[in-house]
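Input: a single structure, listed below in structure tokens.
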Amino acid sequence: MDLGLRGQRVLVVGATRGVGRAVARLLAEEGARVGLVARDGAALVRLAEELRGLGAEADWQAADVTDPTQATAAVRRLCAGGVDALVHVAGSGVRVPFAEATDEVWRASLELNLLAAVRVVRLALPHLRDGARVVLLGAASGKRPHLGQSPSNAAKAALANLAASLAEELAPRVLVNCVAPGRILTERRLARLQEAAARRGVPLAEAVAEDAEEIPLGRHGRPEEVAAVAVFFASPRAGYVTGQTVVVDGGWVRSV
């Protein structure tokens with residue numbers, strides 16, 4: 001299905017790894033003009049070249065969006081002239097027991113997983129064209145909390161609430177939705193599983209299989225599977241959906 005993204009300008013924040021990179025590639029394949037933001041400038045150069053190899057226009061700026069000055073510079077430059085969609089992917093789980101989570105840990109989690117998105121959307125808002133889409137990448141843990149991850153669980157739940165709040169406030173000019181991935185086999189998760197396997201002295205395949213045991217589909221998700229949902233929400237095809245959080249988790253969250 002043609003998603004109607006050819007020639008549209010889309011900003012992807014957190015673009016160089018995992019789901020963000022998959023989002024950028026799929027947008028390029030759909031013919032979008034892609035702006036890329038992440039902290040790693042060298043990775044951005046490589047990704048931009050890859051997207052141009054797919055025939056897409058790609059521009060980039062390195063920035064840490066938890067830093068207001070860097071975020072402002074990146075969004076203003078890449079959004080100049082107007083954008084049709086913003087996909088904010090930057091974020092991370094925080095694994096620490098509640099009793100050991102200091103105020104600094106909580107502040108850092110909220111800054112990365114919530115306030116960075118608030119900042120980027122606020123900065124992009126004057127540049128969003130009528131009918132623009134905003135897609136926030138949350139996590140299934142915002143609906144079904146992970147044990148020992150209360151700082152990021154709470155932040156991801158707040159991100160879903162933010163999407164619903166903005167959807168009502170910005171309607172009908174801007175549509176806002178949230179995509180909440182479950183256990184996705186990104187580079188980061190695979191590295192974590194490799195460390196766990198080494199500590200236990202078991203094969204990596206065993207650690208991966210155990211990590212997927214609770215998932216009804218019996219496997220981890222792929223970044224491309226999350227990206228497909230995010231890019232749909234960023235496209236003109238998603239013209240009558242706003243304020244929603246869609247979980248992409250192989251059935252891990254069991255709720256109605």
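One table, with the values for the structure above:
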read-out: Gain upon complete extension [R219, E29; 0.36 nm per residue less C-alpha separation]; value: 65.8 nm
read-out: R76-A228 pseudo-label distance in nm [points 7 Å out on the Cα-to-Cβ vector]; value: 4.0 nm
read-out: Point-to-point label distance, V202-A164, nm (Cα→Cβ direction, 7 Å offset); value: 3.7 nm
read-out: Cβ crowding within 10 Å averaged over residues, with 215-224, 112-121, 231-240 ranked highest first; value: 112-121, 231-240, 215-224
read-out: 222 nm mean residue ellipticity, helices alone, for the chain (DSSP H n ≥ 4; -39,500 (n - 2.57); rounded to 500); value: -13000 deg cm²/dmol
read-out: Kyte-Doolittle mean at least -0.5 and Cα axial length at least 27 Å: DSSP H helices in the chain; value: 150-170
read-out: Around D130: net Lys/Arg minus Asp/Glu count, Cβ-Cβ under 13 Å; value: +2
read-out: Summed residue charge, Cβ within 15 Å of A180's Cβ, Lys/Arg positive, Asp/Glu negative; value: +3
read-out: I184 long-range amide H proximity, modeled H, under 5 Å; value: G221
read-out: Rg(Cα)/(2.2 N^0.38 Å) for the chain, N = residue count; value: 0.98
read-out: Distance (nanometres) between label positions extended 7 Å along Cα→Cβ at T102 and A171; value: 4.4 nm
read-out: Separation of alpha-carbon centers, region 234-254 and region 53-120, rounded to whole Å; value: 21 Å
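Bear in mind these aren't lab numbers, they're just calculated from the coordinates by the rules spelled out. The shown structure was predicted, so the numbers you read here are calculated from the model rather than taken from an experiment. Cβ coordinates were reconstructed from backbone atoms using ideal geometry, including for glycine residues, and neighbour counts include every protein chain displayed.
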